[in-house]
Amino acid sequence: MKTINIKIMAASLLVFLGTVSCSDLLDQEPVSITHPNVFWVNQSNAEQALAGSYALFKETITYQANFIYWGELPGMTFMNSRNWISDYIEGSGNYVLAYRDRSRDWKGFYRAANWANTIEGYVDGMDVDLFDTPAEKNRIIGEAAFVRALSYFYMARLWGDVPIITESIESSDQLITEDGFVVSVPQSDELLVLEHALEAANKAISLLQYSNPGAPAWAITANKASAEALKAHITLWYASRDNNNADMIAQAIEATTSVINNSNAELIDYVAEGVAGFDAMCIGQSKTGLFEINNSQAMGESFRMNEGDGSYTGLTLNYPIWKNENTNKSPIIDPDFYGKQFMDSDVTRDNDVRKDLFFYDYESTENSFPLKYSHQSPDSNSEDAYAQFSESNILIFRLADMYLLRAEANARKGLFGLAIDDVNEIRSKAGSLDYAGTLDEENVMKAIFDERAIEFVAEGQSAFDRIRMNYFEGVPWANEVRNQKQGYFWPIAPDIISINPLIVQPEYWRGAL
């Protein structure tokens, strides 16, 4: 069935013109696809289109710090943002954010997915002789399938039921019926959306190869391990939404184990490697990376850091990264928040070095903040010492994630000993003692959530972990009634519904916008 959501029309039909710097590895704009016989004629053009698909995904999650608003602040683990817009979330659980319309708008993900789908179709039809090798043709198709899978997975986690678009949108004729009416299509069930994402992830796995740390595109473009990491997330999320679906749990274990054994990635040993290991992880393309959003001045993909509330640097950093202490927007690590409480109350974590590596002045109650986006390089054209370019990658998947996802999958099977083995592997790299609690579902799942909360602080995972694990301790506005109405999902932008009346809000948000 043709499934087209009219909301994506304006974005999907954009024709991007102009030249692109060859140094902008992932920030290239998509080129015109209106003349396929002219464009899809060589590997270079296909690579340029692929770079554009990555760029569209990057722009979607970074615009106005969306990934922090979506994946971090609702989790309420460590960061108290002190930003009045963020207080809508942390103070009352209201996701209707002032001046943040695109936090409720899914068109950016559809743009990325549409470009990926288009690349898959056209490149598949290109003669293999147009590529350096057959493997290069497969790689481009596989990376495009990865972007499509990742885009749909984000939408499933954010809105649940969303439309599935299986056709590459290249002409307005595809969006208008023969009678001149706009095509309107309803959402597909959340599990069907996840199945669509899983199909694309499996396609990527079948076409991609493993890579190695030190390779030019390591972690900043997808390889086989990146796709397996995505599959692990998709299948475990599916299991959590489908009564611990046994097949999906098994697939999650298989995918995480394959990444651990075959990816060539390694864990960062925070105790042995210290600041150097932490810095390498955050700057990116380190030995532990599986997929990350690139920020590098040398590659032409960075931005001037600023302390505004529309930037994730502004929402996570403070003095002395900024010239003056910012008490209006930048966060503190709140002693009343869940993360600080569990870290301080657990004596097995007394020597956890992540307290000092991950945070500025962890013990402070006034100016402690996460440091994962603090890496920077000076603007050589400015005399201002605070004119800095970001050098911190946004970490989407890394190896520690796979150990803890496998732990969760095993815990869902009742294999608590195996689960804790993986938890302890991560704890050991940080100087924490082994888990000392009881081996039962409630306590082991809490131990896994806690480990993810500290390990991935500020990486935009906590809020999604809470939904998947159904663990809302420390979130005062979360309750059973809200969760039954899927109040953990984000509201859909009203203009999407006004254009397509077949789209409906998650139950909790109906009548609230």
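Quick note: the coordinates plus some simple rules give every number you see, no bench work behind them. Nothing here was measured: the structure is a model prediction, and the numbers come from that model. Because the Cβ atoms are built from the backbone with ideal geometry, glycine has one as well, and the counts that use them run over all protein chains shown.
With K and R counted +1 and D and E -1, the other residues having a Cβ less than 10 Å from that of ASP161 yield a net charge of -2.
In straight-distance terms, cross-link reach from LYS372 covers every one of the lysines whose alpha-carbon lies under 22 Å from its own, apart from those fewer than eight places away in the same chain; here that gives LYS58, LYS287, LYS323, LYS329, LYS340, LYS355, LYS429. Where the alpha-carbon atoms of the chain are placed on the principal axes, they occupy 67, 53, 45 Å, in descending order. Two numbers describe the Cα atoms of the range 392-475: Rg and Dmax, which are 12.2, 38 Å.
Remark: the Cα gyration tensor places the range 445-509 in the prolate category, a/c being 1.5 or greater and a/b exceeding b/c. In the chain, taking the dipole from charged Cβ atoms about the Cα centre, the farthest positive-side position among GLY437, PHE489, ALA222 is held by PHE489. As a length-normalised measure over Cα pairs under 8 Å and 6 or more apart, the relative contact order of the chain settles at 19 percent. Per-residue packing, averaged as other Cβ atoms within 10 Å, sorts the ranges 492-501, 310-319 into the order 310-319, 492-501, beginning with the highest. The overall shape of the range 238-304 is prolate: from the C-alpha gyration tensor, with semi-axes ordered a ≥ b ≥ c, the ratio a/c is 1.5 or greater and a/b exceeds b/c. Highest mean first, the peptides 77-88, 230-241 sorted by other C-beta atoms within 10 Å per residue fall in the order 230-241, 77-88. Here, the range 181-315 has an Rg and a Dmax of 18.3, 64 Å when only alpha carbons are counted. For the range 343-497, the Kirkwood estimate of hydrodynamic radius, built from reciprocal distances between every pair of different alpha carbons, is 18.0 Å.
Rounded to the nearest 10 degrees, the inclination of helix 107-125 to the longest alpha-carbon principal axis of the chain is 50 degrees.
Contact order for the range 346-430, expressed relative to its length and based on alpha carbon pairs under 8 Å spaced 6+ residues apart, stands at 18 percent. About its Cα centre, the chain has a charge dipole of approximately 640 debye under the convention of +1 per Lys or Arg Cβ and -1 per Asp or Glu Cβ, with nothing else charged. Taking Cα atoms only, the orientation of helix 399-412 departs from the longest principal axis of the chain by about 80 degrees.
Its Cα gyration tensor gives the range 311-431 an equivalent ellipsoid, and the semi-axes of that ellipsoid, as √(5λ) in whole Å with the largest first, are 33, 18, 12.
Selection among THR327, ALA407, SER392 by position relative to the dipole of the range 320-428 gives ALA407 as farthest towards the positive end (Cβ unit charges, Cα centre). Helix 43-62 and the longest principal axis of the C-alpha atoms of the chain enclose an angle of approximately 50°.
Measuring between their Cα centroids, the range 485-501 and the range 211-281 lie 32 Å from each other.
DSSP bridge analysis restricted to the chain gives an antiparallel fraction near 100%, rounded to the nearest 5. Dipole magnitude for the range 91-244: about 840 debye, using +1 per Lys or Arg Cβ and -1 per Asp or Glu Cβ, origin at the Cα centre. For the range 266-281, putting each phi into the Karplus relation 6.51 cos²θ - 1.76 cosθ + 1.60 with θ = phi - 60° gives couplings of 9, 6, 7, 8, 4, 5, 6, 9, x, 4, 4, x, 4, 4, 4, 4 Hz, in residue order, rounded to whole numbers and with x for Gly and Pro.
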